[in-house]
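Undergrad: This is the structure, below, for whatever I ask next.
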Amino acid sequence: MILLGFLLGIIYWFFSALADSFILGRMGFIRNIFTPGPGELINRLSGAFLFMAMGWYFRRDLIKRKTTDKELDSQYGLSPLMLNQLGSLAFVFDRTGKILRFNSSCEKLTGYSFSQVRGKYFWKLFLEPSKAKVMRERLAFIGQQDFIKEHETVWLIKGGKRLLVKWSNKVILDQGSNPKYIVSVGTDISEYQVKQSLFKGFNRQYQGLVDSIGIGISIVSGDLTVVYKNRQFKEWFPKESASERSVCHDLVSNFSSKACGLCPACKTFLDGLSHETMVEVNTLGSKAAYKVVSFPVIDEKGKVVNAIETVQDFTKINQQEEEIRHSYLAQAVINSLLRFSLENISLEGFLKCALSIILSTPWLSAKSKAIVYLVGEEPETLALKTHINLSEEESRGLEKISFGENLCGEAARSARPQFSQNEKAYRHYYLPILYSGVVLGVMDIYLDQGHIYHKQEEEYLAAVANTLAGVIWRKSNEDRFQKINSCFVNLGVDPLTNIQSFVSLSGEILEASAMFYQRLDLKTNVLELVSQYLKPASQVPELRIYEDFCKQAIKDNSEVVVRDISGILEEAKGSLGPVDKFKTFIGQTVKAASGHKGFLTGFYKHNFRLKNDDREFLGIIASAISVEEERINTKRSLDIAYQELKKAQQELVQTEKLSALGRFSSGMAHEVKNPLGIVLGGIEFLEKKLEKSDKDIKLAIKKIKESTLRADGVVRNLLKFAMPSEIKTEKVNPKTLINDTLSLIRYRVSLVNIKIVTEFLKEDIYISGDKNQLQQVLFNLITNAVEAVPQGGLVRTIIRQSPAGEFLAEAACLIEIIDNGPGIAKEDLAKLFEPFFTTKRDKKGTGLGLSISKIIIENHKGMLTVDSSPEQGTVARIILPLIES
Amino acid sequence: MKKILIIDDEEDLAFFVKANLELAGDYQVSTATSGKEGIKLAARFRPDIILLDIMMPAMDGYETLHKLKSEEKTLAIPVIMLTAKADEDSKMKAATLYNEDYLVKPVQIDVLNAKIQEVLTRRNS
């Protein structure tokens, strides 16, 4: 190295001479080499000397490095090869920070080769400027003790990348015990740090979760010491109030320091399984309940190292369970009351039973004494209705309480529950019995002395009182319902349906003093509805006075009319009797599909204001009545229709019977008539042949002949009936017709002393018809009449003119044959026109006369009727259309 | 003595009519039980009057009447129709066809005799 310095000195000399020659133009080059001027000499000498000094210096440094290398390699075993074997980062520097060794891992990590960094300060190369300065200063004054064994340092490597390296330092001292070499072995922890920061984040979250979970968590070690508590656990069991042992263990084992084998943690340590138990802790007078569950933490060898205890607060859950139990019991009591209310017992009986049921509520610390007061007849007064277990002495003076008089009265006045706190006597709950906001009474429950007010109890009793209210209202109105019921029974409507409708729809019956339904067409009161204060009927006001109100309401098409009638009554006072007690009149019009049918009228003792409920209730009754009105109308129409249908059916049957008879008769006639002809021929033959025989034989022959002819008559009539002759119409004067007929009968009639009178119209009227057939009809009817009356009887034959619409659509001729005979029985009257029906079997009637007559008249587009009643005689009417005269 | 022919499928009926007529008046009565037989008999027997039943099997009274009125030998013989049929149709048919008389069975011998006399008198006049 010295030689190199010398050489460089010579070269410098040489080049300086050359420079002087050419640049400065001074003398020749050779001359300048060897004979420099004094200035140049000094310049050249100093330059050469400098180079030589540099050579010396570098030589010395090289020697030193060799010495150091030798020392590190052989004495301390820190050869590059050795350090490369380490696998982790390793480098050696002297106490100034010069790098002496730099293993392959460092090369790989930093991107610098050992030769590039050798002899350079590591702090200058790798540390941030600020940190580098600090490091240089520290190294300058560092002692052995000052060296940090382990530290994490950020290294800047090639490309500006930053790495976090965790270094472990080993200091090699010189003989003076000063640091000589420092060996740093490190690990790149950049990724680890990132993961660790992430982990810390997770950990924080987890911790937050564990703390906010609402469950106390503690970790108990094998000696039952708590090694971890979450926030909830600390809150429930503050350090000052608990030992360092498991809280549950302390509670179960009574603070034993030894394993108890009973608490969940101890059990878990014993069998490695999960266990749970309930513990109660009394804190500041209140009782808290916890559910403790232990879970084992098992290591790799399967040994239980820790037990995790979770603690859940069951205080609220227990309270809720208790509340649910109370609600259930309350509901059970209410259900019992409702069930009981359906029994057919009196209101008083029900209330007694109800009080027994209420007092049997297990959690209600009531005495077995209670009273029910109901609002009495006097306004704003409570009257003792029933009590339970009160002695006569106790109940004395409680019969009547005015509203606001005491706490009981106050409960009634304010409609709010009251609690008496009298120290020396029983305590009471006074519960107003409220129905739709109206106080019906007060329930008084006796409690123990010193009983503390409990809101839950009050709420329960209020609910019971409300239930009672419904039942009391219903029971006390049952009587009124029955009245309504009976009214609707009278109306014909299903009462049960209506009552149910009233209860569900109205909710409350109108407080009517008297209420009536009056039909517009009939001046009768159909419905007597409610009478709360008066026995109605006898004290009904004169309805006519108020008809005008209702008629006006109908005219105005308004449904309800309300009038103050006190003035009107005042004027009429005295004449109306008890009516003057009424102050308000209400009229509700009743409409049906066919129009207004009538009105409901209500009379009230007080100034009545119609509420919506009342309107609804009135409307319901009005509807029920209108339905009934419709029903009555429909029934009437149906009855008429039914009667007509029945009649039509009978006629149809009759027609069918006649038709069948006709078909039958036609075929039969021939078959009967021939044999009849033979019989008749035979009889007449015998009659002739036995003309001279004895009279008995002749009488017998005569009888046989008569019967044969009678049979023949029946068959002839039957054939006429079956096949009526064609009508040969002509203009007929009924007078002539009757006179002609009477001329045929008069002879017979005169024999039996019967009077026949004719009552004819003066003027002549005419009909169109078959004279012979009509004469046959008249003959039948007059003969019937004559045969019906006894000797000396009277038969009237009347002709009169019937106006259009009376019997027929057009004007008609009415011929009446009236007898004063015994009349026809009702059952016979219905069968009168049936073929073969006769009441004259003894008089040889065939039973076909009237049926044939009816057919003949009907063929003439007329009507034949017979009206009769026993002992009243009979009227036979022939009605035939008139023709113009 | 007047000759009467009874044409009726009811033999018993014809028998009693014959017997009663013979008892009632001076009649010679023959009977036939069918229309066909009656026509033959009428031609041969030449009755003064024929009593003819309408409702007969095979050839009914109307057809028999028609044939009697078609034959020259029997054309002028008056006929009294006898039938169980009492309807207007039957009467009209008999009347309008040949203007003959009509009686409804069963007929009393007096009525029949009177009718025969009436018809014979009318014929003779």
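Undergrad: At q = 0.17, 0.18 Å⁻¹, work out log10 I(q)/I(0) for region A:726-883 with the Debye formula, treating every Cα as an identical point scatterer and leaving solvent out; two decimals please.
TA: One equal scatterer on each Cα of region A:726-883 leads to -1.01, -1.14.
Undergrad: Long-range amide H contacts for residue A:810: which residues qualify at under 5 Å (H placed 1.01 Å from N, peptide plane, sequence gap of 5 or more or a different chain)?
TA: Here the answer is A:805, since their amide H atoms fall under 5 Å of that of residue A:810.
Undergrad: For residue A:87, what is the net charge nearby, where nearby means another residue's Cβ is under 14 Å from its Cβ and Lys, Arg count +1, Asp, Glu -1?
TA: With Lys, Arg at +1 and Asp, Glu at -1, the neighbours total -1.
Undergrad: Still on this structure, please answer the following. On average over all directions, what projected area in square nanometres does region A:794-844 have, based on the convex hull of its Cα atoms?
TA: For region A:794-844, the mean projected area of the Cα convex hull comes to 5.3 nm².
Undergrad: Still on this structure, please answer the following. Starting from a Cα-only point model with no solvent, please compute log10 I(q)/I(0) by Debye for region A:292-437 at q = 0.12, 0.15 1/Å.
TA: -0.64, -0.92
Undergrad: Mind sorting A:864, A:676 by how few other Cβ atoms lie within 10 Å of their own Cβ, fewest first? Let's see the in-between values first.
TA: Details: A:864 24, A:676 21.
So the ranking, lowest neighbour count to highest, is A:676, A:864.
Undergrad: Cut-off 10 angstrom, C-alpha nodes, Gaussian network model of chain B. Which of B:29, B:107, B:79 fluctuates the most?
TA: B:107
Undergrad: Let me ask something else. How well do other chains shield peptide A:684-692, expressed as the mean number of their Cβ atoms within 10 Å of each residue Cβ?
TA: Neighbouring Cβ atoms belonging to other protein chains average 4 per residue here.
Undergrad: Next up: How big is region A:69-211 in terms of Cα radius of gyration and Dmax, in angstroms?
TA: 17.3, 62
Undergrad: While we're on this one: Per-residue mean of other chain beta-carbon atoms within 10 angstrom of the beta-carbon, peptide A:701-714?
TA: The shielding value for this peptide is 1.
Undergrad: Then there is this: Going by C-beta contacts inside 10 Å, put A:457, B:22 in order with the fewest on the left.
TA: Going from sparsest to densest Cβ surroundings: B:22, A:457.
Undergrad: Calculate the length of the line joining the C-alpha centroid of region A:251-323 to that of region A:95-133, in whole Å.
TA: The two parts, judged by their Cα centres, are 60 Å apart.
Undergrad: Let me ask another. With 10 angstrom as the radius, rank A:134, A:311, A:795 by how many other C-beta atoms surround their C-beta, starting from the fewest.
TA: A:134, A:311, A:795
Undergrad: Further question: Where Lys and Arg each count +1 and Asp and Glu each count -1, what net charge lies around residue B:19 among other residues with Cβ under 13 Å from its Cβ?
TA: Around residue B:19, the charge tally is -2.
Undergrad: How large is the translational diffusion coefficient of region A:284-344 in µm² per second when you combine the Kirkwood radius over alpha carbon pairs with Stokes-Einstein at 10 °C and 1.306 mPa s?
TA: My calculation gives 100 µm²/s for D.
Undergrad: Something else now. Quick one: give the max-minus-min coordinate of the C-alpha atoms of region B:2-124 along each principal axis, largest first, in Å.
TA: 31, 31, 29
Undergrad: Give me the compactness ratio for region A:195-313, meaning the Cα radius of gyration over 2.2 N^0.38 Å.
TA: Dividing the Cα radius of gyration by 2.2 N^0.38 Å gives 1.09.
Undergrad: Kindly give the semi-axes, whole Å and largest first, of the ellipsoid equivalent to region A:125-188, taking each as the square root of 5 times a Cα gyration tensor eigenvalue. Before the final figure, lay out each step's value.
TA: Details: eigenvalues 110, 38, 16 Å².
Equivalent-ellipsoid dimensions as semi-axes: 23, 14, 9 Å.
Just so you know, all these numbers are worked out from the coordinates, no wet-lab data involved. Because the structure is a prediction, the values reported are computed rather than measured. So basically every Cβ, Gly included, is an ideal-geometry build from the backbone, and we count neighbours across all protein chains shown.
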